[in-house]
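The structure appears right after this line, and notes come after that.
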Amino acid sequence: MPEFKTVALVEWHWSGHHPVYFALFASALAEIGCRVVPFCPAPEEFPALIAQTPVADSAAMARIEPADRVPVPRASRMRPARFRPAVHAIRKFGGLGNQLRAWERQNSARIDLVFFACVYDFDFANIALGERFFGFRWSGLYLHARSFRMPGSPIPYVGSLPCPEKIFSIGSLHSAGVLDEGAVGPLGAITNGRKVVGFPDLSDTRLPPAGDPDWGLANKIRSFAAGRPIISLVGHLQRTKGMVQFTRLAEDPSMKDVFFFLGGEVNWVEIPEKEREEVRAIWERAPNVYAHLQRVGTESGLNALISVSDIVMAAYTDFPNSSNILTKAAFLRRSVIVSNGYLMAERVRNFKLGQIVEEGNIGEMREAVLTILNQKSQPGDSDDDLRLAYQKRHSYPALMESFELALGESKP
């Protein structure tokens, strides 16, 4: 039983992996004996999400509350610019604190700890300025560890530098979780003795039942491939996912008998216009490319797409972080190709999950594809112990163990 009996689980984001993580976190906290008070942007979606977890019943939770997200204040002549960070932090974290205290009054119960399901630098950079108005002990999962992997490198699409030292050194912190096992030590050096716990990069890896509509797109891709090997790049498609390099690879003469599939919404913001025109032209003319530029609706539908692929491309650029696409591929026994230098390459190398290439090197990507396709079996067939070790490390039971550690005793 953890030290804390009632835990408010807070999530401000609701795209990509966030809903799945939130439901799994709520389930795991309930299973280790906590009363969970969920605060999320879409309370109406939570019962269906929790129904797919081991707890399976939202009645096991306290009433689901909306997580009010405070917008960044616009410039104002009435307020000097130097005060805006403090005002925003007070509104944001003080406002959340008021929500939590209102719940306590309404339920005649005390919240022992707040756990943030996702800690992004840009959300929490000024938490110290709002700490007194927040008023709760807290923990949370630091999703990215860029400052430890790529010191001095700005956050893509945001432009600011990571600032974990401003977030995890404040007095109200109880503990911190991090997805990058290599960041546990460096992050621990700035938490003033509060424990840092490695969390699994888990994912929903279940396949839809036979005949389920979630197989529709996967079956369509398999039909289009007409027996050719399938290489997929799926998820939120953006510059850091290597979308441009993936598209260029499809036109390599040696890839003419390989089918390339892109699936997901595209973020065009940081892709130069010339490259936008180039990839669109290739998608139009290349007979071995199919681009489904819409969000894949369900996790099981995404899993179905990975399961019909021979290779999952995850050769991302400017990306030192974890990705649960790697977890999905490992559980579904699909080979992956990743870029060298950071966390994903370490995991692929240590657990023999696929091939590693230099970032952005299309020639090496081509050779990696050919190497995998020339193998007689998927990686893992002869390395089952390593594959099973990876699955165990990034599993739901591992999540419960991480929560027990994170919610246990820590330096006051």
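Observations
- In sequence order, calculated HN-Hα J values of the stretch 16-30 (Karplus, 6.51, -1.76, 1.60; Hz; x Gly/Pro): x, 7, 4, x, 5, 4, 4, 5, 5, 5, 4, 4, 5, 4, 5
- Residue 119 long-range amide H proximity, modeled H, under 5 Å: 141, 142, 143
- Neighbours of residue 282, meaning other residues whose beta-carbon lies under 12 angstrom from its beta-carbon, give a summed charge of -2 when Lys and Arg score +1 and Asp and Glu score -1.
- Peptides 205-216, 51-62, 317-328 ranked from most to least packed by the mean count of surrounding Cβ atoms within 10 Å: 317-328, 51-62, 205-216.
- Highest average packing first - 19-30, 157-168, Cβ atoms within 10 Å: 19-30, 157-168
- In a reduced charge model with +1 at each Lys and Arg Cβ and -1 at each Asp and Glu Cβ, the chain shows a dipole moment near 1140 debye about its Cα centre.
- Using a cut-off of 32 Å between Cα atoms, the listed pairs 92/392; 92/274; 92/195; 92/328; 220/241 include 92/392; 92/274; 92/328 as exceeding that distance.
- Label-point separation, residue 57 to residue 224 (7 Å along Cα→Cβ), nm: 4.4
- Protein accessible area in the stretch 210-272, 1.4 Å probe - carbon and sulfur %: 54
- Dipole orientation for the stretch 146-274: of the candidates 191, 259, 234, 191 has the Cα lying most toward the positive pole (charges on Cβ; Lys, Arg +1; Asp, Glu -1).
- A simple count of charges around residue 188, restricted to other residues whose Cβ falls under 10 Å of its Cβ and scoring Lys, Arg +1 and Asp, Glu -1, yields +2.
- Taken one residue at a time, the phi angles of the stretch 209-217 give Karplus couplings (6.51, -1.76, 1.60, θ = phi - 60°) of x, 4, x, 5, x, 5, 7, x, 5 Hz. Gly and Pro are set to x.
- Max mean-square fluctuation residue, GNM over the chain, Cα-Cα springs under 10 Å, options 138, 268, 283: 268
- Surface per residue (accessible, 1.4 Å probe) for the stretch 115-184, Å²: 33
- With Cα atoms, 0 to 90° folded angle of helix 362-374 axis to the chain main axis: 70
- If the segment from residue 269 to residue 44 were pulled out straight at 0.36 nm per residue, it would be longer than the present Cα-Cα gap by 77.9 nm.
The values are calculated or read from the model by the stated rules, or taken from the named source; none is laboratory data. Not measured: the values here are computed from a predicted model. Note that we place each Cβ from the backbone using ideal geometry, even for glycine, and neighbour counts take in every protein chain shown. In case anyone asks, the SASA skips ligands and DNA or RNA and just uses the protein heavy atoms, side chains included. Shrake-Rupley method; radii C 1.70, N 1.55, O 1.52, S 1.80 Å.
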